[in-house]
Each structure stands twice: as C-alpha cells, then as structure tokens.
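The values are calculated or read from the model by the stated rules, or taken from the named source; none is laboratory data. Since the structure is predicted, the reported quantities are computational estimates derived from the model, not experimental observations. Glycine also receives a Cβ, built like all others from the backbone with ideal geometry; neighbour counts cover every protein chain displayed. Each accessible area value is taken on the protein alone, full model and side chains, heavy atoms only, with ligands, DNA and RNA left out. Shrake-Rupley method; radii C 1.70, N 1.55, O 1.52, S 1.80 Å.
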Amino acid sequence: MTTADDYVIQFIQDKGLVSLADVTEARAAIEPIPEGQSADTLAIAKLVETGKVAWPKITAALSQEFDMELVDVAQVSPSDDILKLISREQAEKHNILPLQMDGVELLVAISDPLDTETIDSVSRVLKLALNPKLAPPDELKDAISRCYNGGQIGGSNSYSDILGKGGDDGLAVELPQGGDVKEDDAPIIRYVNSLIVDAIRRKASDIHLEPLEKRFRVRFRVDGVLQEMKGPPKRLQASIISRLKLMAEVSLAEKRIPQDGRIQARTGGRDIDLRVSVLPTVYGESIVMRILDKEGLKLGLPELGFFADDQAKFQGLISGSDGVFLVTGPTGSGKSTTLYSALNYINKPDRKIITVEDPVEYQMAGINQVQVKRDVGMTFAAALRAMLRQAPNIVMIGEIRDLETAEIAVNAALTGHMVFSTLHTNDSVSSVTRLVDIGVKPFLVSAALRGALAQRLVRRNCQACAAPYKPTAKELYSIGMTEQDLASATPMKGAGCPKCGERGYKGRRGVFELFVITEEIQEMIYGGSNLVDLRRKAREAGMRTMREDGQRKVASGMTTIEEVLGATVADDVI
C-alpha cells in the first residue's frame, strides 16, 4: 500500500491497533529514510515486522471503515481467461488480482481501499464494472505469484497490452474519454485523481481551485472551514482545469460563461458524486467541486445535534398526516441533511414517500426519488403534478423557489399529504412572510403550514482533546450569558491533536430554532400580522432562538462560544 499509508498510520492509531509510542519507535528505527522511499510505508512495514500489528487486523478494520467485503485470497483460483484481463506485471505493480465474473461485474481483490485510480482505470479500459474486495497486501502478493504461475498468463487481451507496454504510468493513468491524449497528460491525470482522493480522505465537503495572479490556489472545506493545500505550479493551471472540465463533461472551448457539470467517482466501494461549478475570473476559470457521498450520510436524528426536548417536538411535527414543514437557512447550513434525516425517521413500509430534487444528493432505500431536468421540461412544478397522481403519503420538494411550486405544495398539504421542503430565509418565523411574498395567500399559509426549522452549523469540540475551560467575562457577555448560567455546566474546548488536525474541532452539529404553528399563530397569519408580532408570539409559546440553543450547547461542552457567535446573531437584532 502506497497511496494511503499516511492515512493508515493515523487510522490504526485511532482504532487502537497500535499506540503513539509504537509509531514513534517504528519511525525512529527506520531513520535515516532511504532516498525515494515513503516514511509511512517503511513505518508500517516495521510495525508489522516487529509484531506490533498484523496486516489481517489492519485489513479487517479497513473493511469495516469502508464497508468492503474481505476475501480469502489463499483459497481463490481464477481461470486463465480471467487472469488474461490483467497482466502479471500490472497485477504485481498495483497489487490487484482479478477473481471472477459475477454477472456483469468483475470481482477483484485489492489491498488499498483508497486506490481509486487503479479501479477506475481498469474499469474504463476493460469496459467492465468492478466490484473490489479487500485482502491483506502480503497475502495478495502471494496469491498473485501463485495464480499467475511464473508470469506465463497474459496474452494479447491483457491490461498492459491495451494500455501500451513500456510506460511507467500503467494503471495509474486514467485516460480521458475523447479528445487528443498526449503522453504529457499522465502527470496531470494522476494529480487530479490524487486531489479528489485526498479530499475524500480528509472528509472535505468542497474542493476549491482558484486562479490567482501569480499562483494557482487549492483549498479544501473541512467542517465548514477552508484550509489551504499545497497547490500545483501556476504553469499547470490550464491543463488541470481542462482535465476537470473533461471529466465533468462540460465544454472545453467555452471560457466566457459559467458552466455546471458532474463527476462520478468510486472509492472504497462507495459511489461519490462531485458537482462541478466553473466560473470565469480575471486570471482564469475558478472551479469548485462539491463532494456528495451518496451512501455515507448519517441519518439518525441524534447526530444532527438536537437536545431531547427539541427532538421530541421535531419528531411530533414530521410525523403528522398532512401539512407543510419547512427547513430554512442559507446555502451550506445543513438543510438537506436534516430533511433526509426526517425522511429516514418516518420511512415505514406503510408509507409511500416521493421526493423531487435538483440534484438527488443522497440515495435512500425505500424512497422514490425524482431528478429535476429542466432541459426536457421536468421542473419542480411539473414533477410535483405527476407525483401527486402517484398517491404518495409524504412528498419532499428540494426547494420552494417560485409561486407555482409553492401553490402546488400548499394544495398538496391541504389535500392530505405531508410536504417537506426548504426555503432560503434567515430565521424560522420569516418562512411565513417569505411564502406570502412569493404570492401564497395568507389564509392558505395559515391552513397549511405546520412548522419551520431554522438552523446553522457549528463545529463540534474534538472528543479526543476537549478539556474543561472557563470562559472570560468578555466572552460570556458577547454571547449573552453569565457565570450563573454555567454554575452547573462544564464548558469544553479542544486543545488540538492529531485526530482533529490540531484544530480542536472535529465534525459539525446544528443549532436550531423550531417554530411551531399554534392556533393563535394561525389566526395571526390569517390576519396578516407582521414578522415582529409573529416572533413575539412564538417566543411566548416557548420557541428558543438559535442563539439560545447555541448557549445551551456551549454549556453542554458540545461547542465553543466562538463557534456560536460566528454562526448566529444576537436575539435583539433579529
């Protein structure tokens, strides 16, 4: 394993397979590091050699982490026809062994779950879908030697013959589909692939490639915060942008207008979608890629960050038989995750759920999901009309953007459907005035709306390095708290450790404002009350603002005052 040994070192520490002292000792034993060799690769080899950890244990832990099946390669005997698909030379170089055909898929054994370059390249060249299984690298090497029987297997259909012999790139080269392919393209292809793999490994949500005057900046957004990575030379800017545009299937010739595309990748047995946005700037085209792990979403309500009382109210609202429930907030505030979690909670065999989304970000079992396609007339409104003829119990609309969509959603709610959607407003109560501004009649809003949830995301204290701390009087004043508020609480703050990248935070949680429509509020909406009066009545009914919810989460040790201040506004300015 070479492409992810730095990840494996940290991973086996996190899983408790080795201690920090073991790793430190292994690194010291290999110094000085031979030129051209990886310190992490040698350190892992030393840990295995000294008996601190065994490859089968590492591989078993990786299989659970990446949800991949293990295969006992000591027992496999692939046929000659299967082995001819990949030459012995390439199998040994990349530690990959073809096993058998399973329907239209080729089963292969690999040792590195992050080696998407190999899997993608083999799949493209052989024009076969690959189903990778994990095996310990030492056992896989032995199996390759045994199965290829001294290198005699591999004819004219072998992988190296298809790609061309004599090159150093081999399986690492992912050939572009269409256009002219030059020999000089190989390093660019490898760089782009490694960039995407590295972002996925770091659990980044976005990749930003930004042309500046004298450099080409690369940044990852991790836990909502942009982190600058080591960027490529400025001279490679045009080649990297062209490669990404090619993968996203957008026009290479068009450099004057914004373009949107999509890249589909597969890593660790999981399908990853990247939504690609290309924007012309003064110094070249800026590219932002949004990473969507279709199968990696945690869908439990507790993981969202609800306290027990708010979660009980939330569950009560989303379990209703009819009405509209809205989740509000700016882009990137976690609205889609909350909606998917709500759908997962109420997804039962006796309920039919249909969603219409642009795009379908996460695939969920048991739910009918519809993709908006405006170029063929499949708009939100058109999809909604068709969906209602499918007799659903629950409908989810990705976003209410216009009067037509809003009216169909409200009418659906009034005819016995539960409707979920998102809206771009700053707080929950503003969802009422936003619907009225769009053009929905106030009496329809009062009859259909059941509640609205406004939310923001704050970084969570790293559980490995968080320690109690005492906020200063200035910090308490800035967030509207006093020492008495923390008399029975233990605020926490992360000091920074290897697990969180020395940042003190790992993961994010929501701060919420749950607006429940009571009979009194219904009457006020019907009568055309203004936003201030609606908010005052909601507060009297027990609504907690996002700033107040953040205060509770500071007191519980979940996050810090700085995070809450950055994500919410003071209640007196709302």
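Bridgeable aspartates and glutamates around Lys499 (alpha carbons under 18 Å apart, same-chain partners fewer than 8 residues away excluded): Asp5, Asp6, Asp14, Asp22, Asp40, Glu65, Asp198, Asp223. Classify region 13-95: rounded, prolate or oblate, from the alpha-carbon gyration tensor (a ≥ b ≥ c, eigenvalue square roots; a/c under 1.5 rounded; otherwise prolate if a/b is larger than b/c)? The shape class here is oblate. Placing a label point 7 Å from the Cα of Asn426 along the Cα-to-Cβ line, the residues of region 332-355 whose backbone N sits under 18 Å from it are 332-333. With the charge dipole of the chain set up from +1 on Lys and Arg Cβ and -1 on Asp and Glu Cβ about the Cα centre, the Cα lying farthest toward the positive end among the listed residues Thr405, Val564, Gly528 is that of Gly528. Label separation (Glu249 vs Glu540): 5.7 nm, computed from points 7 Å beyond Cα along the C-beta direction. In the context of the full protein assembly, Asp14 retains an accessible surface of approximately 60 Å², using a probe radius of 1.4 Å and ignoring ligands and nucleic acids. Accessible surface calculations at 1.4 Å, restricted to protein heavy atoms, place region 287-443 at 41 Å² per residue.
Remark: the Thr331-Asp533 segment gains 70.0 nm on full extension, using 0.36 nm per residue and subtracting the alpha carbon distance. For the pair region 303-375 and region 440-485, the centres of their Cα atoms are 21 angstrom apart. Measuring max minus min along each principal axis, the C-alpha atoms of region 479-574 give extents of 57, 28, 21 Å (largest first). A P(r) calculated from all alpha carbon pairs of the chain, with 20 Å bins opening at zero, reads 17, 45, 31, 6, 0 percent. Probe radius 1.4 Å, ligands and nucleic acids ignored: give me the carbon and sulfur share of the accessible area of region 398-504 as a rounded percent. C and S atoms contribute 51 percent here.
Its Cα gyration tensor gives region 81-126 an equivalent ellipsoid, and the semi-axes of that ellipsoid, as √(5λ) in whole Å with the largest first, are 15, 13, 10.
For the set Lys93/Lys127; Lys15/Lys245; Lys474/Lys553; Lys46/Lys493; Lys57/Lys127; Lys57/Lys84, the pairs lying more than 27 angstrom apart at their alpha carbons are Lys15/Lys245; Lys46/Lys493; Lys57/Lys127; Lys57/Lys84. For Met378, nonlocal amide neighbours, meaning residues 5 or more places apart or on other chains whose placed amide H falls under 5 Å from its own, are Lys373. With a simple spin-label model that places each label point 7 Å from the Cα along the Cα-to-Cβ direction, the separation between Ala28 and Ala308 comes to 4.8 nm.
Under 5 Å between amide H atoms, partner at least 5 residues away or on a different chain: which partners does Thr355 have, H built in plane at 1.01 Å? Counting only residues 5 or more places away or on other chains, the set is Asn368, Gln369, Val370, Met396. Only Lys, Arg, Asp and Glu carry charge here, each on its Cβ (+1 for the first two, -1 for the last two); on that basis the chain has a dipole of about 980 debye about its Cα centre.
Order Val288, Val458 by their accessible area, 1.4 angstrom probe, all chains in place, largest first. Provide the component values of the computation, followed by the final result.
Working: Val288 45, Val458 0 Å².
Correct descending sequence by accessible area is Val288, Val458.
Once the Cα-Cα distance is subtracted from the 0.36 nm per residue extended length, the Arg202 to Thr50 segment shows a gain of 51.8 nm.
Cross-link reach is defined here as a Cα-Cα straight distance under 29 Å, omitting same-chain residues fewer than 8 places apart; for Lys348 the lysines meeting it are Lys294, Lys298, Lys313, Lys335, Lys373. Positive-end ranking of Leu195, Pro136, Ile367 along the dipole of the chain, with charges on Cβ about the Cα centre, is headed by Ile367.
Checking Cβ-Cβ separations below 4.7 Å across the chain identifies Cys147 as cysteines lacking any candidate disulfide partner. Expressed as a whole percent, the accessible area of region 232-359 that falls on carbon and sulfur atoms is 52 (1.4 Å probe). To the nearest ten degrees, helix 531-540 and the longest principal axis of the Cα atoms of the chain are 90 degrees apart. Once both labels are positioned 7 Å from their Cα atoms along Cα-to-Cβ, the gap between Asp67 and Thr518 label points is 4.2 nm.
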